Structures are given as C-alpha cells and as structure tokens.
Amino acid sequence: MEELLIMSQAALADSVLKKEEVPAPKIQTKDLALYYGNFRALKNVDISIPPQKITALIGPSGCGKSTLLRVFNRMNDLIRGVRISGQVFLDDQDIYHPDTDLIALRKRAGMVFQRPNPFPISVFKNVAYGPSIHGMASGRELESIVERHLRATGLWDDLKDKLHIPALSLSPEQQQRLCISRLLAVEPEVLLMDEPCSALDPIATARIEDLLFELKKDYTIVIVTHNMQQAARVSSSAGFMLLGELVEFGKTGQLFTNPIDPRTHDYITGRFG
Amino acid sequence: MSRRWINLFTHLFTALTGMACALVILLVAIILGNIAYHGIPHLSWRFLTTAPSSGMTEGGIFPAIFGTAFLVLLMTIAVVPLGVCTAIYLQEYAPVKSKWVHLVRMAIQNLAGVPAIVFGLFGLGFFIEFVGRRVDQIFFSGQLYFGQPAIIWAALTMALLTLPTVVVSTEEALRVVPRSHREVAYALGATRWQMVWYVLLPQAIGGILTGTILAVSRGAGEVAPILFTGAAYYLPYLPSRLNQQFMELGYHVYVMATQSPDVDATKPILYSTVFVLLTLTFLLNFAAILIRSHIRRRLAAAR
Ligand SMILES: Nc1ncnc2c1ncn2[C@@H]1O[C@H](COP(=O)(O)OP(=O)(O)OP(=O)(O)O)[C@@H](O)[C@H]1O
Ligand SMILES: [Mg+2]
C-alpha cells in the first residue's frame, strides 16, 4: 500500500506540475444505463476517457467493468436481451445511433481479452487476420504490416524466424502480445483491455505494462484490472465502479491518494472487494 | 440383506457384465475370423481389377469397386455442402432456441432414425418418379433419360441417408470452437460471414472431415437405399454418365448370395468381396477415429 501511495503521489505531482489543458475526450458516455434482461448492470454512467492516455477501471467483481468496456465497441450487441439507454460517443460520433457501421466501429475500437486467445493458426496468420478481412493489404505489404506490429509488441526478434509456428505453442505472455499485435494490425484508435494480465505471471505482467506505456503514445487505452497496483502504475485516469455505478472518476493520483467518495476510500484501503 | 448376499450379488454382477463383453468380442472375432479365413485366399490383384464372368462364378469385382467409389464420391459432393451449411445455419445464424430451429433439429434426428429401405423407396418415388420424370419432360421432350434408376439418384438418396451424420458432427465441431474466438473475430471487425469462414471453418474442418468419412463409410456399406434407385445386378460396362446404373459392392454381395446359379462356385468370391467391403469400411472408420482423436487432443491443448 505504501509503495502504491508513493507512486501515486509521483503521478499526482507530475500532473500538477504540467497543468496541461484538457483535450476533448476520446470516448464519452452520457447517462448510460445497460440492462441484461431486467437486470440493470450499469446505471447513470458519465465517463470521459482522455485520448492517448491509459484509463483504468477498477472495482469489485461483478460491478460492471467488463460490461462498460464492452459498451465502447458494442460487443454487448452479441448478447441477447441487452438494452441500453443514454449516449456513447467515440470522438463526436454517437456509436449507438442506428446508422452506426458496426464493422467500422470495431475496427476503431478493438479489444484484448482476459485470457490470451490467439486463433489456432500460425503466428503470421493471426496478425494477418485483421488486415486480410478488411482487405487492407496482401502479399509483401501484408508481410511488412505483420512485421511492424510484431515489432510493436516486442515479439519480432524472438519470432521472426518462426512466423509459421502455431500461435498456441507460444508462452502465455507471448500469446497475449500476439493478441495485441493482431489487434494493432487493424489500425484501431482505442484499445479496450479486459484484465489483459490476469493470466500472466508477475514478470510477464510487468513487461506487458511496459508495452502499454509504449502504446499509449499512439493509442487511447482503457484497461480493466483487479490489480490496484497495476492501475496505479500504468494509468493516468482511473474510475472506480460499484454495483453498476461509476462512483468516482479522476486522475489516478487523486483517486488513489485522496479519493472523494468514502466508498472509493474503503475499496482502495482494502475494506471490501 | 446380509453382507454375504450383497457380496455374492456383486461378484455375480461383475461376472455377468464381464461375460457380456466377452460374448460381444467373441462374436466379432468369429465373424471377422470366418470372413478373413475364407476371404483372403481368393484375394488377388486380378480379383480386384477384373470384371465378374461366367455368371459371377469367376472373375473379379472391379466394376463393383468402381461403382461404389463413384457413388460415394457423388454422394459426398451432395451431402457435405448441404450438411455443413445446415450445421452452420443451426449453430451460428438461426435465432437461439427458436421453434424453427427446434423443428429442423427434430427433423434431422428423425431422419437418422428412418430405416434405410424407406430411403430407397423415397428415392424411387421422389427422385426418379418425380424429379427424374420432370427433368425428362422439360429437357428431353419426354424421352427417358433421368426418369429411371441411375447413379445420380442413388447418390442423392444416399446423401439424404447420411445427412444427419454430417450435420451432427459439423455442429459438434462448431460448438467446441471457444466462444472467445468468435468474440475476437467480431472485436476485430469481422462480419458474421468472415467469422464463419476464417475462424470457425478452419477449426471445424476436422469435425467436418470426420463426419464426411463416417458418411462415406456408411454410404459404402448400405444396400437398401440404392436397391431401387440405381444399383445394377450386372453391367458389362462401367458407368460414365450420371444417368447410368452401376454395380456396387454391397449389392454385389447380396446378388451373389441370393441369385448365384452355382452357390459353391460363387462362395470364395462372395467371401473375398465381403472381406474387401469390410476392410474398406473399417479403414474409413479408423481414419475417422484417428482424425477425431487428433482433434480432441488439439482441443485439449488449446484449452
Ligand atoms: N450476459 C450476461 N447476462 C446477464 N447478466 C450478466 C451478463 N454478463 C454479466 N452479467 C452481470 O452483470 C454484472 C456485471 O458483470 P461484469 O462482467 O461487467 O462485471 P465485472 O466488473 O467485469 O466483473 P469481474 O471483475 O468479475 O470481471 C454482473 O452482476 C454479472 O452477473
Ligand atoms: Mg470482467
């Protein structure tokens, strides 16, 4: 806990020093509510995700973190009986507008899942999957795309001579990196990550966090995590959720060192959850 | 009941179940042994590559092997696309738990339970009398081309018979593709069709193959469906067009067993033919089992 405080204070000092002006949010929800059938899984969620930063969502199990994340690229549409009210904007596009092109939306906001889930095909084909289905490239060009995105996740040096081995033969960490490469290859703007390190050991986790730091230069990242240290380490903004509500949202340093809401305070000091 | 009685009962039951198993194995061994014992001596390359002669008391079975291969090839071409599409529809497109899907599933299950001879009669009534006649009327100004028993009708009838096998094993193969793979595909912006084509089918290919091989092995062994729809007692030529009749291994066995002018002279040929037929079916089933276990292992590794 102490370690966490020190780090967060550093982050706080950092943000105070810079005093940057607030850019327009990349993702914004307005009075969002979501129902699974009759069960209200999200209520009154107003959140503004800043661009090119890492935003963390924390909260106890079942509070709706994954649900909120999946709202951002409409993955919840795949579940029967889901209803949504309120508005969700990606830049200034209302993504729940009936005219929304789902394919284009999911191309802009892609997802990395909890368990590494590469397709049971070769490393190369995994990364090439997105560009192929979107007809973005083929042949030599595709090869260079694959190389670029394997480099971006630090896999290239290890795998450049064995691009055609099955993806499932990689270590869990490599598999998760591969999944990130596969996502980057469709050239998204937003990376939605649902507990991307929960299946990894601490060393691999630390390395993936380094990777996230690299990636935030080019992408807006939203990460759901159960690990508060992780949230404190990697994110610049953080939201605390409880029972479908976004209880508190703000600068990570602020949220961890000086939460406004007593429920946030209880959670981060470990009183429940 | 006292402990002694219970013990006795347990032992008795163990012995009974053991004996039942032994009996089954014994029966299979006797059948196979008998066929191998009588069938192998007469086997030869000549036997496999020549036509029967002297009223089936001499010669080989090449036309029957050829006809069987032709039949199952046509059947496969018909049943695989239909079965795979049905399975994909049921698993991926149809609304979950709808009445309609329930109905289709029930129809397929019932199809699997229909006796083979009924398929034969259906083939005769539907394909030959109805479809074949229409085709002749429309395209051949009433001349007899397709309104008669032919390999195409036999193959289609057989395809109906084996359709449930292909549908069920494809559905199974689709079901074991992890949900997360579908989600990833969608999350990368795939359409449903792209998800099916690039993610599901490559992973389901083993299951589809298994189903196909099982269907082929069944198709190669069934006689009843082709009885009225295209199998010939004896043909002096090999079928080369879709509306010709054909000889087939199973039917050939039946013919030799029941219609031979000289039972003793036919016997060795009959045994060898049965041996060939059995070997073929076993090999196919064995291949299906191998592929299936390979898939299972790969799946277990993927979990
Ligand atoms: N498909 C669904 N149908 C019905 N209810 C669901 C469904 N998915 C999630 N829920 C419910 O919605 C609530 C929020 O779920 P969600 O998965 O978003 O929680 P979470 O914060 O991600 O939890 P965890 O930390 O365990 O991943 C839970 O109460 C859950 O039971
Ligand atoms: Mg979750």
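The values are calculated or read from the model by the stated rules, or taken from the named source; none is laboratory data. This structure is a prediction, so every number in the text was calculated from the model and none was measured. Note: ideal-geometry Cβ built from the backbone for every residue, glycine included; neighbour counts use all protein chains shown. Just the protein is used for accessible areas: all its heavy atoms, side chains included, with ligands, DNA and RNA removed. Shrake-Rupley method; radii C 1.70, N 1.55, O 1.52, S 1.80 Å.
Observations on the structure shown:
- Cα centroid separation, the range A:165-234 to the range B:126-155: 63 Å.
- Estimated purely from DSSP H runs of n ≥ 4, each contributing -39500 (n - 2.57), the mean residue ellipticity at 222 nm for chain A is -11500 deg cm²/dmol once divided by its residues.
- Excluding exposed DSSP-loop chymotrypsin sites (Phe, Trp or Tyr not before Pro) (at most 16 other C-beta within 10 Å), longest clean stretch of chain B: B:1-139
- Of the solvent-accessible surface of chain A, computed with a 1.4 Å probe over protein heavy atoms with every protein chain present, carbon and sulfur atoms account for 50 percent.
- Formal net charge of residues neighbouring B:ILE208 (Cβ-Cβ distance under 12 Å; K, R +1; D, E -1): -1
- Annotation: per residue accessible area for the range B:43-302 equals 48 Å², rounded to a whole number [probe 1.4 Å, protein chains only].
- The angle separating the long axis of helix A:123-133 from the principal Cα axis of greatest extent in chain A is about 80 degrees.
- For A:ASP99 and A:ILE79, a Förster radius of 22 Å and the Cβ-Cβ distance give a FRET efficiency of 0.50, rounded to the nearest 0.05.
- Given charges at beta-carbon only (K, R positive; D, E negative), |dipole| of chain B in Debye: 1360
- Dipole magnitude for the protein assembly as shown: computed about the Cα centre from +1 point charges on Lys and Arg Cβ and -1 point charges on Asp and Glu Cβ, it is near 940 debye.
- Loss of accessible area when A meets B, both sides summed, Å² nearest 100, probe 1.4 Å: 1800
- Relative contact order, percent, chain B [alpha-carbon distance under 8 Å, six or more residues apart]: 26
- Whole-number percent relative contact order across chain A, with pairs defined as alpha carbons under 8 Å at least 6 apart: 29
- Charge dipole (the protein assembly as shown, unit charges on Cβ, about Cα centre) - positive-most of A:ILE223, B:VAL79, B:LEU283: B:LEU283
- Considering only B:GLY189, B:GLY39, B:GLY83, the Gaussian network model of chain B with Cα springs below 10 Å gives its largest mean-square fluctuation to B:GLY189.
- Mean Cα-pair separation over length for the range B:157-210, i.e. relative contact order, pairs under 8 Å, 6 or more apart, %: 51
- Lys/Arg +1, Asp/Glu -1 at C-beta; the range B:43-302 dipole; positive extreme among B:TYR93, B:ALA215, B:LEU249: B:TYR93
- Separation of the alpha carbons by more than 27 angstrom is noted, of A:LYS30/A:LYS107; A:LYS53/A:LYS160; A:LYS26/A:LYS251; A:LYS65/A:LYS162, for A:LYS53/A:LYS160; A:LYS65/A:LYS162.
- Summarising the amide proton neighbourhood of A:GLY59: residues at separation of 5 or more, or on other chains, whose placed amide H is nearer than 5 Å comprise A:MET241.
- Helix-only [θ]222 nm of chain B, DSSP H runs n ≥ 4, -39500 (n - 2.57) each, per residue, nearest 500: -23000 deg cm²/dmol
- Across peptide A:117-123, the average count of Cβ atoms from other chains found within 10 Å of a residue's Cβ is 5.
- Take each residue in A:125-132, count the other chain C-beta atoms within 10 Å of its C-beta, and the mean is 2.
- The charge dipole of chain A, taken about the Cα centre with unit charges on the Cβ atoms of Lys, Arg (+1) and Asp, Glu (-1), comes to about 500 debye, rounded to the nearest 20.
- B:PHE146 sits among other residues whose Cβ lies under 12 Å from its own Cβ, and their net charge, with Lys and Arg +1 and Asp and Glu -1, is +1.
- Cut-off 14 Å between beta-carbons: net charge of the residues surrounding B:VAL72, Lys and Arg +1, Asp and Glu -1: -1
- Estimated inter-spin distance, B:TRP5 and B:THR49, nm [label 7 Å along Cα→Cβ]: 7.2
- Taking all protein chains together and rolling a 1.4 Å probe, B:HIS294 ends up with roughly 100 Å² accessible.
- Summary of the geometry: the range A:76-100 and the range B:63-108, compared by the centres of their Cα atoms, lie 37 Å apart.
- Applying both filters, DSSP loop and at most 12 other Cβ atoms within 10 Å, to the trypsin sites (Lys or Arg not before Pro) of the range B:177-261 gives B:ARG241.
- Share of carbon and sulfur in the accessible heavy-atom surface of chain B [1.4 Å probe, %]: 71
- Full extension of the segment from B:TYR234 to B:ALA107, taken as 0.36 nm per residue of separation minus the current Cα-Cα distance, would add 42.1 nm.
- Amide H contacts for B:GLN244 (H built 1.01 Å from N in the peptide plane; partners 5 or more residues away or on another chain; cut-off under 5 Å): B:ILE151, B:ILE152.
- Of the residues A:PRO131, A:ALA206, A:ILE79, the one whose Cα sits farthest toward the positive end of the charge dipole of chain A, with +1 on the Cβ of Lys and Arg and -1 on the Cβ of Asp and Glu, is A:ILE79.
- Computed Rg/Rh of the range A:65-167, alpha carbon atoms with Kirkwood Rh: 1.05
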